[in-house]
1. In Å², what does the accessible area per residue of region 297-362 work out to with a 1.4 Å probe?
2. With a 1.4 Å probe and all protein chains kept in place, how do Thr319, Thr347, Thr137 rank by accessible area, largest first?
3. Place the peptides 41-53, 326-338, 202-214 in order of packing, highest mean first, counting for every residue the other Cβ atoms within 10 Å and averaging per peptide.
4. Applying 1/(1 + (r/R0)^6) with R0 = 22 Å to the Cβ-Cβ distance of Thr101 and Asp164, what FRET efficiency is obtained, to the nearest 0.05?
5. Find how much the distance from Asn221 to Asp203 grows on full extension, using 0.36 nm per residue of separation minus their present alpha carbon separation; answer in nm with one decimal.
6. Sequence-distant or interchain residues sharing an amide H contact under 5 Å with Lys337, placed H: which?
7. Report the Cα-based extents of the chain along its three principal axes, largest first, to the nearest Å.
8. Using the scaling law 2.2 N^0.38 Å as the reference, what is the normalised Cα Rg of region 246-325?
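The values are calculated or read from the model by the stated rules, or taken from the named source; none is laboratory data. Everything numeric here is computed off the predicted structure, so don't read it as measured data. Here the Cβ positions follow ideal geometry from the backbone for every residue, glycine too, while neighbour counts run over all protein chains shown. Heavy atoms of the whole protein, side chains included, go into the accessibility calculation; ligands, DNA and RNA do not. Shrake-Rupley method; radii C 1.70, N 1.55, O 1.52, S 1.80 Å.
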Amino acid sequence: MKVLTILILTFTFNIVSAQTNWFCQNPLPQGNELLSINFVDVNTGWSVGNVGTIIKTTNGGLNWSVQMSNTTYSLLSVDFIDGNTGWAVGGVILSTTNGGTNWTIRSSGITEHLRSIYFLDYNVGWIVGEGGIILKTTNGGANWVNQKNPMNFSIYSVYFTNKDTGWVAGSSGIILKTTNGGTNWVSQSSGSIYILYSIQFLDSNIGWVIGEGHVILRTTNGGINWISLENSGVYLSSGYFLNQNTGWVVGDNNLILKTTNGGEDWIKQIPGTSYLFSIFFENVNTGWAVGRGGEIVKTTNGGTEWIRQLTGMLSGGFTSLFFINNHTGWIVGLAGKIYKTTNGGETWLDHDSDPYSFFHSI
């Protein structure tokens, strides 16, 4: 489903986001897909996505502001060490030392698309991507070393528990483990043939992998054995575990799954959005998930209820608009939708009409 964005003219946000003097008015703060989310505390967090999108909140998601990334490449992963120092990757590597007020493009020396980033501290971090790329830095991303990967399958996720021990996961059920900081990688048998999108470990033994084909895998011995936990029947894209018992996974069909016993049983939670790509929890109560159309949902009770933080989302495909001055205008479109603004598009009032009509012009 494509979300049409209102910019006083009916352009899509993807086309004009890089141009100056244009501001997204529906939805707010923007309408591009959000693919990754990361918080450093209950108030401060970032989400990244298509067309170089970066948004930040300092009040737990009540308000989000768009940050200038200086790129139109899609950003697939974001990771922050504290409220100032962070990185984002996709078609490019970005870093910031002032909370995202300024983002700097970093050179990696490779051209493959990058899919996941993970930093242990201010200096040591890894990036993985297409073509089996595994990059490591020991100086905060100023320089990157291409580590040897015994397989050329694309890598989608990376996670380290200390400077020596880490795992990556990717295409065709591939899981690799290192015990020497990435100098050498050993293949582990996942038992899956599907793409593995997300990997996370609590310590050197306990970890989970999430992937397409409804895959949820758990290990209690560092990946020597992986056990399949769930066949949800839907496409899964990301997971986040707070401890060995409590965790969540997200995916298609308005789905969030929660477990309180390490994945043996799962409870469905319905946040009310079409597709979620990434989830993050700060504690057992407070968490966020992001997805299509710039969707942001938040819970403060462990997922029993999810509240949409995206604002200004007008429903329907829009076909025409007309303003009589700088403040007052109307939009019409599919399903009989008529919206009016009296403040230049900051807010829109829904005027009920015939839901079976299709308005072409106003």
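1. 58 Å²
2. Final ranking, largest accessible area leading: Thr347, Thr319, Thr137.
3. 41-53, 202-214, 326-338
4. With R0 = 22 Å, the Cβ-Cβ based efficiency is 0.05.
5. 5.5 nm
6. The answer is Phe359.
7. 67, 44, 34
8. Rg over 2.2 N^0.38 Å, computed on Cα atoms: 1.35.
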